[in-house]
1. Within the chain, which DSSP H helices have Cα atoms that stretch 20 Å or more along the helix axis and a mean Kyte-Doolittle hydropathy of at least 1.6?
2. Within the chain, what's the longest stretch lacking trypsin sites (Lys or Arg not before Pro) that sit in DSSP loops with no more than 12 other Cβ atoms inside 10 Å?
3. Based on alpha-carbon atoms only, what is the radius of gyration of the range 108-219 relative to the globular estimate 2.2 N^0.38 Å?
4. Any lysines with Cα under 19 Å of the K30 Cα? List them, leaving off those in the same chain fewer than 8 positions away.
5. Rounded to whole Hz and in sequence order, give me ³J(HN,Hα) for the range 10-18 from the Karplus expression 6.51 cos²θ - 1.76 cosθ + 1.60, θ = phi - 60°, writing x for Gly and Pro.
6. Give me the number: length gained by fully extending K197 to D152, i.e. 0.36 nm times residue separation minus the C-alpha to C-alpha distance, one decimal in nm.
7. Go ahead and estimate [θ] at 222 nm for the chain from helices alone: -39,500 (n - 2.57) per DSSP H run with n ≥ 4, summed, over the residue count, rounded to 500.
8. How much length is gained on full extension from L221 to E38, taking 0.36 nm per residue of separation minus their Cα-Cα distance?
Amino acid sequence: MTAQLNPRGDVAVLVPAAGSGTRLGPGAPKALRLLGGEPLLVHALRRICQAPSVAVVVVAAPPDEVAGVRALLAPVAPVTVVAGGAHRQASVAAALAAVPPDVPIVLVHDAARALVPPDLVESVASAVRAGADAVIPVLPVVDTIKEVGPDDAVRGTVDRAPLRAVQTPQGFRRQILAAAHAAAVDPLTDDAGLVEKQGVRVTCVPGSDHALKITRPFDLLLAEHLLATE
Ligand code: C5P
């Protein structure tokens, strides 16, 4: 069934999926890797669309795959598909340019976090709505963290108390994200990192174990289990 968006919502979600790992043909697609028989991107979009504040979803696809990605996603949800750029940041900027001007809150989400709970999307959006310029979902770091040299010798132990592992969606007041992209010099892989460079305060909200990044074979096994038991 095709998901619906809320035309009265105040949130746009951008999904940069224009990396070479998103090729539709044979190879090693990342966003299109199958989970429970469907691409990660499809799972992610379904969950995003279940968040009641979401009015617009923009996916950045490889320029020569736009038509194919559009055809893949049309039965899933009413998403806009644009051509991505040369690197992730350029793809986010291209997706941002396609957001209607009256949408005040913009979230950026990794397709690899395919099982993102709709509640997490809402909690990031509502923290922005409540006044934060930039919001990231985080989890505490549970492992002991060591700094290790190229010779495999331990150089020191990092105090993990203030450390957090960062997830997506990352949320922004729209003008804050647009200004950070306009001012960006070096491409970064993290949108909150861009706004930090502008001196903007980034606020943390609790993340979710279900928003894990599905990258390694073990993650896929865990995600298959989560999908089968939810
Ligand atoms: O390749 P990498 O793992 O850094 O990509 C991170 C995310 O950014 C992926 O979802 C990928 O599809 C996306 N990306 C993009 N446009 C690019 C390169 C990467 O949207 N030109």
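1. Numbers: long enough: none.
None clear 20 Å together with a mean of 1.6.
2. For trypsin sites (Lys or Arg not before Pro) (loop position, at most 12 other Cβ atoms within 10 Å), the longest site-free span of the chain is 9-200.
3. On the way: Rg = 15.8 Å, N = 112, 2.2 N^0.38 = 13.2 Å.
Cα-based Rg divided by the globular estimate yields 1.19.
4. Here the lysines satisfying the reach criterion relative to K30 are K213.
5. Taking θ as phi minus 60°, the curve returns 10, 10, 10, 10, 9, 10, x, 9, 9 Hz for the range 10-18.
6. Numbers: separation 45, 0.36 × 45 = 16.20 nm, distance 3.20 nm.
Fully extending the segment from K197 to D152 adds 13.0 nm.
7. Values: 7 runs with 70 residues, N = 230.
Taking each H run of at least 4 residues, the total per residue is -9000 deg cm²/dmol.
8. Details: separation 183, 0.36 × 183 = 65.88 nm, distance 1.43 nm.
That pair, L221 and E38, stretches by 64.4 nm at full extension.
The values are calculated or read from the model by the stated rules, or taken from the named source; none is laboratory data. As the structure is a computational prediction, the values presented were derived from the model and not from experiment. As a convention, Cβ positions derive from the backbone with ideal geometry for all residues, glycine included, and neighbour counts pool all protein chains shown. Surface areas here come from the heavy atoms of the whole protein model, side chains and all, with no ligands, DNA or RNA. Shrake-Rupley method; radii C 1.70, N 1.55, O 1.52, S 1.80 Å.
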